[in-house]
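Read the structure below first, then the notes.
The values are calculated or read from the model by the stated rules, or taken from the named source; none is laboratory data. In this text, all values refer to a predicted model and were calculated from it rather than measured experimentally. Here the Cβ is made from the backbone with ideal geometry for all residues, glycine too, and neighbour counts use every protein chain on show. Quick note on the areas: whole protein, heavy atoms, side chains included, nothing else; ligands and nucleic acids left out. Shrake-Rupley method; radii C 1.70, N 1.55, O 1.52, S 1.80 Å.
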Amino acid sequence: MTDDELDELIAVVELPEREPGTIEERVALAEDHRRITDLVMLYGWLCDRRRWDDLLAYYTDDFERQLRGTLNETVKGKDKLRELYFRPVLPRSGDADGPPSADVINTYELRHLIHPPVIRVAADGATASVAAVYSLVATSGDGPQFRRGEHEGAYLFGMRREPGVGWRFATMVVISENARNPLFQKG
């Protein structure tokens with residue numbers, strides 16, 4: 001991760017947060033933090049299980065995802081994202097060689113190891129910013145065919161409280177070192 005990318009994570013920590021004035025408001029803010037943390041963790045587990053339709057239910061209709069770092073992609077809308085979840089392309093930044101085919105990637109067992117997120121609920125109480133770092137471990141095969149690769153990265157989530165359903169992912173920036181993971185390289 002570059003210094004500029006780390007600064008984006010630090011900027012979330014430095015965001016002002018809604019100031020609770022009463023005990024009830026403090027409890028409500030703590031509950032917002034818990035619910036958002038649960039969603040961030042659920043994101044990782046649903047990705048690991050490749051339960052894409054279940055995951056998409058937690059996104060707003062106008063959801064937007066950016067892949068950065070060693071990847072370069074921007075996707076708007078749940079329909080296009082659903083297609084890419086089932087058939088990942090993972091376009092590389094710069095001149096890095098592309099990943100293996102989606103058929104190969106979809107055979108990997110994945111584990112998103114997400115560290116506790118930093119959450120800042122905006123003064124409006126309807127939006128929040130989240131920063132979290134992660135490691136992604138991918139494995140393939142058994143016995144002598146076993147292979148393992150790992151890479152690190154960070155998430156910047158924009159959350160929005162949707163009427164009648166609660167907190168949902170509205171935006172996501174993934175700063176990924178995916179191209180450095182040996183299982184995500186051709187050959």
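Listing for the model above:
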| quantity | calculated |
| --- | --- |
| Qualifying residue in the range 170-183 (condition: at pLDDT 90 or above, touching a strand residue (DSSP E or B) at 6+ places or on another chain (Cβ under 7 Å) and hydroxyl-bearing (Ser, Thr, Tyr)) | yes |
| Conditions (1) loosely packed, with under 14 Cβ neighbours inside 10 Å; (2) farther than 29 Å from Thr2 by Cβ: number failed by Arg82 | (1) |
| Thr60 vs. criteria in contact (Cβ under 8 Å) with a residue 24 or more places away in the chain, more than 28 Å from Asn181 (Cα to Cα) and of a type in the set (S, T, N, Q) | yes |
| Any hit, the range 82-100, residues being free of Cβ contacts under 8 Å to residues at least 60 places away in the same chain and under 17 Å from Ala170 (Cβ atoms) | yes |
| Residue check for Glu19: of a type outside the set (A, V, I, L, M), closer than 22 Å to Trp167 by Cβ and surrounded by fewer than 16 Cβ atoms within 10 Å (Cβ to Cβ) | yes |
| Every residue from the range 43-64 that is open to solvent by less than 50 Å² (accessible area, probe 1.4 Å), more than 17 Å from Ala126 (Cα to Cα) and of a type in the set (A, V, I, L, M, F, W, C) | Leu46, Cys47, Trp52, Leu55, Leu56 |
